[in-house]
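Accompanying notes for the structure given below.
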Amino acid sequence: MTTAEGSAPAVIKHRRPGPKQPAYGLPASEWPTVLQRVVEQKEPLRTVAAAYGVSPETIRRLLLQTHQQYGQQEA
């Protein structure tokens, strides 16, 4: 048995390290601006997300949330 076979595998702390100070969301005050850029100006989600330092998934969820709110108000 060699030392390589008997030793434990190396532990990787972070496989995909993120930003030093991650942004977990957008402040509510920015929502109208984001909606205008995506819906009216037809900017890609990635472009808008990069401008605010969040993921495109965050922008997509914001759009979904606002769409559901407007759908409930009309019903």
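Surface calculation, 1.4 Å probe, protein heavy atoms: residue 63 sits at approximately 40 Å² accessible. On the beta carbon distance between residue 60 and residue 29, with R0 = 22 Å, the FRET formula returns roughly 0.65. Write out the trypsin sites (Lys or Arg not before Pro) in the range 25-70 meeting two conditions: DSSP loop, and at most 11 other Cβ atoms within 10 Å of their Cβ. Those satisfying the criteria are 42.
The values are calculated or read from the model by the stated rules, or taken from the named source; none is laboratory data. Fair warning: this is a prediction, and the values are worked out from it, not measured in the lab. FYI the Cβ positions are ideal-geometry reconstructions off the backbone, even for glycines, and counts take in every protein chain you see. The area values use the complete protein model at the heavy-atom level, side chains included, leaving out ligands, DNA and RNA. Shrake-Rupley method; radii C 1.70, N 1.55, O 1.52, S 1.80 Å.
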